[in-house]
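In what follows, a single structure is set out as structure tokens and then discussed.
The values are calculated or read from the model by the stated rules, or taken from the named source; none is laboratory data. Here the structure is a predicted model, which means the values were calculated and not measured. Virtual Cβ from ideal backbone geometry, glycine too; neighbours counted across all protein chains shown. Only protein heavy atoms, including side chains, enter the accessible area calculation; ligands, DNA and RNA are left aside. Shrake-Rupley method; radii C 1.70, N 1.55, O 1.52, S 1.80 Å.
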Amino acid sequence: MLNLFRITSILEGISYLALFAVTMPLKYLADIPMPNKYVGYAHGVLFIAYILIAALFWFKKKWSLKRGFILMVASLLPFATFYVEEKYLKPLAN
């Protein structure tokens, strides 16, 4: 389950950055909306998967409210899922 969470965390972060840095400028500056639609769908699925896996992982590991809050808020901030992966998940894999 740890590897699934690590992969989901990284993919969710990449999809978030791709949505904002690549496809939204294409949509609004170049009038090319299709990539935004598909990356948006992928990001939505990855976001939901991240939240569900984070909640399961939080309760399974019996982590504190603070750490659980950090896991959840990370899904809303650019680059934060990479921070969670590096600070909280990677040490568990070693």
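Between PHE69 and PHE82, the contour length at 0.36 nm per residue exceeds the alpha carbon distance by 3.1 nm. Tell me, what is a quarter of the convex hull surface for the C-alpha atoms of the chain, in nm² with one decimal? Averaged projected area of the chain's Cα convex hull equals 5.7 nm².
Once the Cα atoms are used to define both axes, helix 2-18 deviates from the longest principal axis of the chain by about 30 degrees. The mean accessible area for residues of the chain, using a 1.4 Å probe and ignoring ligands and nucleic acids, is 63 Å² per residue.
Note on ILE51 and LEU2: the model spin-label points, each 7 Å out from Cα along the C-beta direction, lie 2.7 nm apart. Helices in the chain, meaning DSSP H runs of at least 4 residues, each add -39500 (n - 2.57). Divided by all residues, the mean residue ellipticity at 222 nm is -23000 deg cm²/dmol. For the chain, the fraction of 1.4 Å probe accessible surface lying on carbon and sulfur atoms is 73 percent. Between LYS90 and PHE59, the contour length at 0.36 nm per residue exceeds the Cα-Cα span by 9.3 nm.
Relative to the dominant Cα principal axis of the chain, helix 65-74 is inclined by about 20°.
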